[in-house]
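First the structure, in the form of structure tokens, and then the observations on it.
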Amino acid sequence: MNARLSAQRSSLSGYVQSLRHRPQLWRTLLAAGGGLVIMVLLLGVAAVPIGRAVDKLIGVTPFDPANPSFTIGFWAAGNLLIALLVPVSMLLHKLAYGAAPGALSSIAGRFRWVVLARAAAVVLPPWLVYALIIQPSLGTGSPRWTALNIVLCLVALVTIPLQSAGEEFLFRGLIFRAIGARFARPVVAFIIATTITALQFGLIHGASDRWAVGYYVAAGISFAVLAERTGGLEVPVLIHAVNNTVLLVPVILAGELATVSAPTGPVVVVPVIVLAIMTFVLWRMTPWLTKVTREREEVPV
């Protein structure tokens, strides 16, 4: 039994419990509750007027809350507002726990670009193949290489990774660690923090269909597993950004941005399986992904 527990603990990086030295309830409430409140304000209050203003500025029909769809302005504004969750999460991390901004990124105290680069070499090729295979089942039309669609693709390549990072820094970063700090046993902390953040991740996407909710919850679990295994947010941010980008760019090129909706139906089983396989592969490859970083951390200063 002791050997089994030791093996389980060795597979955990300690990321979820890195704030355990300050377990007070008020800190958890300030960090987790504050992050959720600010996210609701950004999306529920600021997104509509800013999105409508951008739509009017570029000369398209403004976003209509009574008949919601993804207008260009609303989509771009939403991405950038969610991206603000990165500095917001860092600020709340500092206020609640007195931690340095970079400490939220990883147990190394910084965002490890070398980990992201190595993971990208593993993730990008199969994900591009998966995107090509699944596109016909999504009903995306043929590409239309207009100037507007190309510009929107460039906007997507910039704003989608920022939006993905915002969600990961809030859910797998700030809230995940704030909840993990409440529990003394690493495995218990990981399970409870993963369950809560995955359910939150499913609910905040506004999906009402059980297939869609299940898809987002499964993604939230995979991202939490990878954050804890690798000791940081680099790999979850990467997969989140790659998935959203490669699936949305064909939709933008087809001029169908207004039709974007949450994934639904049995087809969502496919991305869940792909994500599960990739999570397993990256789990096994974590020693290689983080090797350079660990070597640098061990160099005497």
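Numbers below:
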{"quantity": "Segment 34-48 residues that are of a type in the set (A, V, I, L, M), paired with ones that are at pLDDT 90 or above and surrounded by fewer than 17 Cβ atoms within 10 Å (Cβ to Cβ) (beta carbon under 7 Å, 6 or more apart)", "calculated": "Leu42/Leu84"}
{"quantity": "Scope segment 191-221; condition part of a helix (DSSP H, G or I), touching a Ser or Thr at 6+ places or on another chain (Cβ under 7 Å) and either surrounded by 22 or more Cβ atoms within 10 Å (Cβ to Cβ) or at pLDDT below 95 (or both); matching residues", "calculated": "Trp211, Ala212, Gly220"}
{"quantity": "Where Val37 falls short, out of the listed (1) assigned to a helix (DSSP H, G or I); (2) crowded, with 16+ Cβ neighbours inside 10 Å; (3) out of contact with any Gly (no Cβ under 8 Å at 6 or more places or on another chain)", "calculated": "(2)"}
{"quantity": "Residue check for Pro136: surrounded by fewer than 19 Cβ atoms within 10 Å (Cβ to Cβ), modelled with pLDDT under 95 and farther than 26 Å from Leu289 by Cα", "calculated": "yes"}
{"quantity": "Residue count, segment 256-281 (criterion: within 16 Å of the chain's Cα centre (by Cα) and in a helix (DSSP H, G or I))", "calculated": "6"}
{"quantity": "Pairs, first part of a loop (DSSP other than H, G, I, E, B) in segment 102-127, second modelled with pLDDT under 95 and surrounded by fewer than 17 Cβ atoms within 10 Å (Cβ to Cβ), C-beta under 8 Å, six or more apart", "calculated": "Ile107/Gly14; Ala108/Glu297; Gly109/Ala100; Gly109/Gly102; Arg110/Gly102; Phe111/Gly102"}
{"quantity": "Leu170 over 30 Å from Asp55 (Cβ atoms) and at pLDDT 95 or above", "calculated": "no"}
{"quantity": "Boolean, Thr230 is under 11 Å from Val16 (Cβ atoms), surrounded by 19 or more Cβ atoms within 10 Å (Cβ to Cβ), of a type in the set (Ser, Thr, Tyr) and more than 10 Å from the chain's Cα centre (by Cα)", "calculated": "no"}
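Residues checked against (1) in contact (Cβ under 8 Å) with a residue 12 or more places away in the chain; (2) assigned to a loop (DSSP other than H, G, I, E, B); (3) more than 22 Å from Ala100 (Cβ to Cβ); (4) of a type in the set (Lys, Arg):
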{"site": "Asn149", "(1), (2), (3), (4)": "yes, no, yes, no"}
{"site": "Val155", "(1), (2), (3), (4)": "yes, no, yes, no"}
{"site": "Ala165", "(1), (2), (3), (4)": "yes, no, no, no"}
{"site": "Phe171", "(1), (2), (3), (4)": "yes, no, no, no"}
{"site": "Arg177", "(1), (2), (3), (4)": "yes, no, no, yes"}
{"site": "Ala184", "(1), (2), (3), (4)": "yes, yes, yes, no"}
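The values are calculated or read from the model by the stated rules, or taken from the named source; none is laboratory data. Keep in mind that what you see is a predicted model, and the values were worked out from it rather than measured. Counting neighbours? That spans all protein chains shown, and the Cβs are built from the backbone with ideal geometry, glycine included.
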